[in-house]
Amino acid sequence: MTSIFSKIVKGEIPSHKIAEDDNYLAFLDINPLAKGHTLVIPKREVDYIFDMDDDLLAGIQVFSKKVAKAIEKVVPCKRIGIAVLGLEVPHAHIHLIPINRLEDINFGRPKLQFSNEELAETAASIRQVLEK
Ligand code: AMP
């Protein structure tokens with residue numbers, strides 16, 4: 001079955017895109033733990049991140065680094081935390097989350113609510129940094 005993230009890759013459902021290349025796509029999480037919470041996925045659908053081939057897995061880290069550095073410039077934080085869960089969406093993804101303290105990356109706590117406009121604005125600001 002096509003994952004919801006593959007539908008985002010194909011443009012069948014909307015997302016707030018941050019960056020993409022031939023192999024990877026980064027977009028904002030719709031139920032974020034923090035402003036700027038971003039997901040990075042391989043465009044090729046693989047469920048479990050450790051089933052990705054070595055080159056694709058290495059590449060997603062490098063791609064995520066570039067995205068994380070841009071998020072940092074838009075969302076003041078101590079650092080960008082990374083997490084991999086995959087318990088909800090069976091398409092490998094890395095969470096990039098601006099954090100200041102441990103509880104900022106606690107997936108058990110209630111998610112933040114941002115309007116579509118706020119998400120669009122955040123995504124545009126991060127894209128702007130990447131374009132520089
Ligand atoms: P997990 O699979 O446990 O890593 O969680 C999946 C994440 O994907 C959650 O943080 C969701 O908020 C996020 N998510 C689910 N559907 C979408 C979507 N259509 N656009 C952006 N983020 C999504």
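The values are calculated or read from the model by the stated rules, or taken from the named source; none is laboratory data. This is a predicted model, so every value here is computed, not measured. Cβ placement follows ideal geometry from the backbone for every residue including glycine, while neighbour counts extend to all protein chains displayed. Heads up: the accessible areas ignore ligands, DNA and RNA and are worked out on the full protein's heavy atoms, side chains in. Shrake-Rupley method; radii C 1.70, N 1.55, O 1.52, S 1.80 Å.
Among residues other than Cys77 with Cβ under 14 Å from its Cβ, the summed charge is +3 (Lys and Arg +1, Asp and Glu -1). Checking every one of the chymotrypsin sites (Phe, Trp or Tyr not before Pro) in the stretch 54-116 against DSSP loop status and a limit of 16 other Cβ atoms within 10 Å picks out Phe107.
Charged neighbours of His91, selected by a Cβ distance under 9 Å, balance to -2 (K, R count +1; D, E count -1).
Send over a whole-number figure in Å² for the accessible area per residue of the stretch 4-131, probe 1.4 Å. List each step's numbers first, then the result.
Numbers: 7320 Å² over 128 residues.
About 57 Å² of surface per residue is accessible.
Where does the stretch 1-76 land on Rg(C-alpha)/(2.2 N^0.38 Å)? Walk me through the numbers on the way to the answer.
On the way: Rg = 12.5 Å, N = 76, 2.2 N^0.38 = 11.4 Å.
It is 1.09.
The angle separating the long axis of helix 116-131 from the principal Cα axis of greatest extent in the chain is about 80 degrees.
Give me the Kirkwood hydrodynamic radius of the chain in Å, from all C-alpha pairs, to one decimal place?
14.8
Sequence-distant contacts, meaning Cα pairs under 8 Å at least 6 residues apart, place the relative contact order of the chain at 30 percent.
Taking 0.36 nm per residue of sequence separation and subtracting the Cα-Cα distance, how much length would be gained by fully extending the chain between Lys132 and Glu118, in nm to one decimal?
Result for the pair: 2.9 nm of gain on full extension.
Nonpolar atom fraction for the stretch 23-118, defined as the carbon and sulfur part of the 1.4 Å probe accessible area, stands at 52 percent.
Between Ile4 and Ala58, the simple label model (points 7 Å from Cα in the Cβ direction) yields a spacing of 3.3 nm. Segment Leu102..Glu20, full-extension length gain: 26.6 nm, with 0.36 nm per residue of separation and the alpha-carbon distance subtracted.
Summing -39500 (n - 2.57) over the DSSP H runs of n ≥ 4 in the chain and dividing by its residue number, what mean residue ellipticity at 222 nm do you reach, to the nearest 500 deg cm²/dmol?
Details: 3 runs with 43 residues, N = 132.
After summing the helix terms and dividing by the residues of the chain, the value is -10500 deg cm²/dmol.
Full extension of the segment from Leu87 to Ile30, taken as 0.36 nm per residue of separation minus the current Cα-Cα distance, would add 18.9 nm. Rounded to the nearest 10 degrees, the inclination of helix 54-74 to the longest alpha-carbon principal axis of the chain is 20 degrees.
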